[in-house]
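*Asks:* Below is the structure I would like to discuss, written out as structure tokens.
The values are calculated or read from the model by the stated rules, or taken from the named source; none is laboratory data. Everything numeric here is computed off the predicted structure, so don't read it as measured data. A quick note on method: Cβ atoms are made from the backbone with ideal geometry, for glycine too, and the neighbour counts reach across all protein chains shown. We work out accessible area using only protein heavy atoms, side chains counted, and drop any ligands, DNA or RNA first. Shrake-Rupley method; radii C 1.70, N 1.55, O 1.52, S 1.80 Å.
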Amino acid sequence: MAGNPINPARIDFTTLRLFCAVAQTGSITKGAERCHLALSAASRRMSDFEAASKACLMERTAQGIRLTPAGHVALQHAMRLFQGFELFSNELSEYSSGSRGHVRLWANMSALVEFLPAALAGFLQRYPETRVEVEEQLTGDIVRAVVEGMADVGIFVAGAPTHGLNVRPYRVDELVVLCSQAHPLAAHDRIGFRHCLAHDFVGLNRGSSLLNTITTAAQEAGFPLRLRVQVRSFDAMCEMIAANLGIGVLPLGTCARKLGPWGLKVVHLDDAWARRQLLIATSANRTLSGSASLLVEHLAKA
């Protein structure tokens, strides 16, 4: 390492910008004008710059300022510094604007299966430098995660407490009864939920908003929910239903592509609760990052 390095505390970007302007115009006066500095302040900065550099950088001639060999080296490095600073500034602005960044998105199973794959694909195609970390969670856990800052954005079914959140409508999904083609309900195209309660059900594990919905609907109809099998995913529900182990209530979009290949039948529900409003939620107490804001706007329009 060379001895007696330049003390960076004695050189700032204003001085470097002035030095570049003086070198380009060949005049301290013109350089000062370009940088909006008084001539006396500009002259002092150039003298201090040379003193800090411990080298003669400029020669003063009748025609103006001419750089010495050391001055040409200083100019090259100053230009590189400005290019680096411009890159630094541009990259940080990309993060602040949201075109780069990291977003933690928690969503319930319905949103994750029905709506988010295509929406996230479009978002990441537009903002490939943004990383979206997606987790499937239960509605109550999503609400807590957004309130407590573990998630930036949450998507869940309306009805959960939303104190401390900013929410907006996202999508509406339709809940339907799914049965095998061999099941007695396969003869119907539409039905009221109370008429389904004479049959065995395949449902999701405890804690899911969908299980809570149909359990509450059964209680309101005055009949017990005959829950024969509980599984962790919509695909597993479809497999059990296809094996004629029971009927199930699922969002239409999660099972529509499985009907023919799996020998399944959709029966639409007449009940009002079968149309569920999904919400997008963010914290009311924290400012969203640029990337999270862009994701929310994209999902709201997708």
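*Asks:* Filter region 44-68 down to the residues that are assigned to a loop (DSSP other than H, G, I, E, B) and polar (S, T, N, Q) and list them by number.
*Replies:* Hits for region 44-68 are Q63, T68.
*Asks:* Yes or no: region 169-178 includes at least one residue that is outside any strand (DSSP E or B), more than 20 Å from S289 (Cβ to Cβ) and open to solvent by 20 Å² or more (accessible area, probe 1.4 Å).
*Replies:* So far as region 169-178 goes, no, none of its residues is outside any strand (DSSP E or B), more than 20 Å from S289 (Cβ to Cβ) and open to solvent by 20 Å² or more (accessible area, probe 1.4 Å).
*Asks:* OK, next. Are any residues in region 154-164 of a type in the set (A, V, I, L, M), in contact with a Ser or Thr (Cβ under 7 Å, 6 or more places away or on another chain) and open to solvent by less than 20 Å² (accessible area, probe 1.4 Å), and if so, which ones?
*Replies:* Once the filter is applied, which keeps residues that are of a type in the set (A, V, I, L, M), in contact with a Ser or Thr (Cβ under 7 Å, 6 or more places away or on another chain) and open to solvent by less than 20 Å² (accessible area, probe 1.4 Å), region 154-164 yields only V157.
*Asks:* Could you please let me know if F13 is closer than 30 Å to G290 by Cβ, at pLDDT below 85 and open to solvent by less than 60 Å² (accessible area, probe 1.4 Å)?
*Replies:* Considered against the rule, which asks whether it is closer than 30 Å to G290 by Cβ, at pLDDT below 85 and open to solvent by less than 60 Å² (accessible area, probe 1.4 Å), F13 comes out as no.
*Asks:* Any residue at all in region 141-149 that is among the aliphatic types (A, V, I, L, M), in a strand (DSSP E or B) and either buried (at least 22 other Cβ atoms within 10 Å of the Cβ) or under 24 Å from the mean Cα position of the chain (by Cα) (or both)?
*Replies:* No: region 141-149 contains no residue that is among the aliphatic types (A, V, I, L, M), in a strand (DSSP E or B) and either buried (at least 22 other Cβ atoms within 10 Å of the Cβ) or under 24 Å from the mean Cα position of the chain (by Cα) (or both).
*Asks:* For region 199-226, how many residues are loosely packed, with under 15 Cβ neighbours inside 10 Å, within 39 Å of the chain's Cα centre (by Cα) and assigned to a loop (DSSP other than H, G, I, E, B)?
*Replies:* 3
*Asks:* A further question on this structure: Out of curiosity, is R100 surrounded by fewer than 16 Cβ atoms within 10 Å (Cβ to Cβ) and at pLDDT below 90?
*Replies:* no
*Asks:* Quick check on R190: is it exposed (fewer than 15 other Cβ atoms within 10 Å of the Cβ), over 28 Å from A221 (Cβ atoms) and in contact with a Leu (Cβ under 8 Å, 6 or more places away or on another chain)?
*Replies:* When the stated conditions are applied, R190 does not pass them.
*Asks:* May I ask you to list the residues in region 58-77 that are β-branched (V, I, T) and either free of Cβ contacts under 8 Å to residues at least 12 places away in the same chain or exposed (fewer than 12 other Cβ atoms within 10 Å of the Cβ) (or both)?
*Replies:* If the condition is that a residue be β-branched (V, I, T) and either free of Cβ contacts under 8 Å to residues at least 12 places away in the same chain or exposed (fewer than 12 other Cβ atoms within 10 Å of the Cβ) (or both), then T61, V73 are the ones that fit.
*Asks:* Shifting gears a bit: If you check A256, A272, A302, which single one turns out to be closer than 20 Å to L116 by Cα, hydrophobic (A, V, I, L, M, F, W, C) and without any contact (Cβ under 8 Å) to a residue 60 or more places away in the chain?
*Replies:* A256
*Asks:* Of the numbered conditions (1) touching a strand residue (DSSP E or B) at 6+ places or on another chain (Cβ under 6 Å); (2) open to solvent by 60 Å² or more (accessible area, probe 1.4 Å); (3) within 30 Å of H163 (Cα to Cα); (4) not aliphatic (A, V, I, L, M), E297 satisfies every one except a single condition; which is it?
*Replies:* (1)
*Asks:* Same structure again: With (1) in a helix (DSSP H, G or I); (2) in contact with a helix residue (DSSP H, G or I) (Cβ under 7 Å, 6 or more places away or on another chain); (3) open to solvent by 40 Å² or more (accessible area, probe 1.4 Å); (4) not charged (D, E, K, R) as the list, and G260 as the residue in question, which single condition is left unmet?
*Replies:* That leaves (2) as the condition not met.
*Asks:* Let me ask something additional. Taking the residues in region 268-287 that are within 21 Å of P161 (Cα to Cα) and in a loop (DSSP other than H, G, I, E, B) as candidates, determine which candidate is least open to solvent (accessible area, probe 1.4 Å).
*Replies:* Looking at the filtered set, the residue picked out is A284.
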